[in-house]
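The values are calculated or read from the model by the stated rules, or taken from the named source; none is laboratory data. Since this is a predicted model, take the numbers as computed values, not measurements. Because the Cβ atoms are built from the backbone with ideal geometry, glycine has one as well, and the counts that use them run over all protein chains shown.
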Amino acid sequence: MPIARIFPPSPSNPKFRQNSMKVYRWIRLPSGPNLTYTKEENNLFKRFEHVYGIDLGTSNTVIYQRGKGIVLDEPSVVAMNQNSGELLAVGKEAEAMIGRAPAHVELTYPLRHGVIANFDMTSRMLQQFIRRVQGRRSLLRGAQVYISVPCGITSVQKRAVEETVVHKGARKAVTVEEPLAAALGAGLPIEEPAGYLVLDIGGGTCQVAVLSLGGIVASHTVPRAGMSIDRDIMEYVKRQYNLEIGERTAEHIKKTIGTANRTAEPKKLDIRGRDVLQGLPRSITLTSTEIYPVVEEFLGMLVDAIRATLERCPPELAGDVVEHGIMLCGGGALLEGLDARIQAETGVPVHRADQPLACTALGTGMMLSSGESRRRKTWSANTEGGLQVAEAVRAEE
């Protein structure tokens with residue numbers, strides 16, 4: 001149960017005594033998914049609880065904490081001892097083991113295409129991440145957590161995400177659709193009666209959404225993203241050079257010489273791997289020119305998704321998108337030449353967010369931020385793929 005520390009009364013309180021020592025009163029507050037609270041208990045929770053915004057992504061997990069900003073950004077990967085069931089490492093420590101671990105160590109990404117594929121692994125990974133942030137054992141006990149999820153997922157999948165944090169003691173878990181959070185984090189005024197298009201390129205999925213009046217008017221999800229490009233690069237190198245490389249090497253190739261610009265100046269990169277025929281280490285030199293066709297197929301899918309989304313929009317909103325442009329978010333937005341390529345293919349101006357990797361977590365944090373003298377908006381999904389409704393609630397003083 002969470003413990004709240006009540007500080008001494010203020011001097012305006014008649015019971016306050018100037019010469020008194022500081023006195024603290026500790027009370028225990030109930031928590032759990034099926035409990036209701038009095039107004040006084042809710043006020044105490046709001047005053048003392050930890051509030052998190054979590055971008056639980058396929059490749060990376062980013063955590064926002066109220067009052068502190070982004071406090072964690074680590075890979076969503078888990079290392080497990082298959083013999084004992086012991087959790088060996090998560091995040092960056094587990095990622096460093098990829099391709100180097102013995103046979104009894106299993107390295108897995110517990111999320112697939114933005115949704116939970118392994119409930120237990122995700123729960124334990126999230127527990128370790130929160131422990132790193134908190135530095136103590138209370139973890140999510142009594143906390144309020146907002147978690148971003150892909151748009152269009154089923155209610156069962158949303159429930160699995162919520163139960164992951166409630167299982168660890170969170171008082172409240174709320175799912176927020178990623179395009180809405182990403183748009184807020186990118187600084188778009190999506191509550192206005194105007195159309196804005198967001199292209200969020202993550203590790204497991206790419207999401208295209210047209211937003212207006214704080215809701216999603218039309219959206220399209222591409223079940224391929226950054227990690228798919230990595231796998232395509234691995235297959236290309238194996239097929240072309242009879243050389244096996246790991247996921248981290250493929251990602252390094254993508255980030256270093258991957259490009260969406262077919263006329264870009266060629267770049268070279270030396271890589272090492274294992275020869276398929278001889279089983280011995282071997283080095284080769286790759287160029288951006290030969291990697292471009294691997295990226296090309298993915299780019300075509302993005303452009304098709306943008307067109308399909310715009311076709312489902314009312315003409316007025318489509319006109320707004322042409323005026324305001326397309327906002328790129330997510331790690332995939334960092335691919336060289338992507339903004340110029342999409343603009344050339346669609347004829348719509350394209351902008352890259354200032355912090356594309358942190359957009360979703362920052363936007364989630366903006367949804368749950370408090371203490372401002374204004375009204376804030378809390379977005380929630382009505383139906384899968386349908387129009388989203390924005391419910392305005394008054395900000396805490």
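Applying the condition of being farther than 17 Å from ILE54 by Cα and either modelled with pLDDT of 90 or more or in the same structural domain as PRO110 (by TED's automatic domain parsing) (or both) to region 174-191 and asking which residue is surrounded by the fewest Cβ atoms within 10 Å (Cβ to Cβ) yields PRO189.
Scanning region 264-289 for residues being of a type in the set (Lys, Arg) and closer than 17 Å to GLY99 by Cα gives a total of 3. Counting just the residues of region 60-85 that are of a type in the set (Gly, Ala, Ser) and either under 23 Å from THR108 (Cα atoms) or touching a Pro at 6+ places or on another chain (Cβ under 6 Å) (or both), which one comes out surrounded by the most Cβ atoms within 10 Å (Cβ to Cβ)? Among them, the one singled out is SER76.
Please return the ranges of helices (runs of 4 or more DSSP H) entirely within region 193-311 where 1 or more residues are closer than 24 Å to HIS351 by Cα and of a type in the set (Lys, Arg).
Qualifying helices (runs of 4 or more DSSP H): 247-257, 288-311.
Residue-wise test of (1) without any contact (Cβ under 8 Å) to a residue 24 or more places away in the chain; (2) more than 30 Å from HIS252 (Cα to Cα); (3) within 22 Å of the chain's Cα centre (by Cα).
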residue	(1), (2), (3)
GLU311	yes, yes, no
PRO315	yes, yes, no
MET327	no, no, yes
GLY330	no, no, yes
GLY337	no, no, no
ARG341	no, no, no
VAL350	no, no, yes
ASP354	no, no, yes
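May I ask you to verify whether VAL210 is in contact with a Phe, Trp or Tyr (Cβ under 8 Å, 6 or more places away or on another chain) and outside the structural domain of LEU111 (by TED's automatic domain parsing)? Even if it seems obvious, please write down each step before you answer.
Numbers: in contact with a Phe, Trp or Tyr (Cβ under 8 Å, 6 or more places away or on another chain): yes; outside the structural domain of LEU111 (by TED's automatic domain parsing): yes.
The answer is yes for VAL210.
ILE70 falls short on exactly one of the conditions (1) more than 20 Å from GLY204 (Cα to Cα); (2) out of contact with any strand residue (DSSP E or B) (no Cβ under 9 Å at 6 or more places or on another chain), and that condition is (2).
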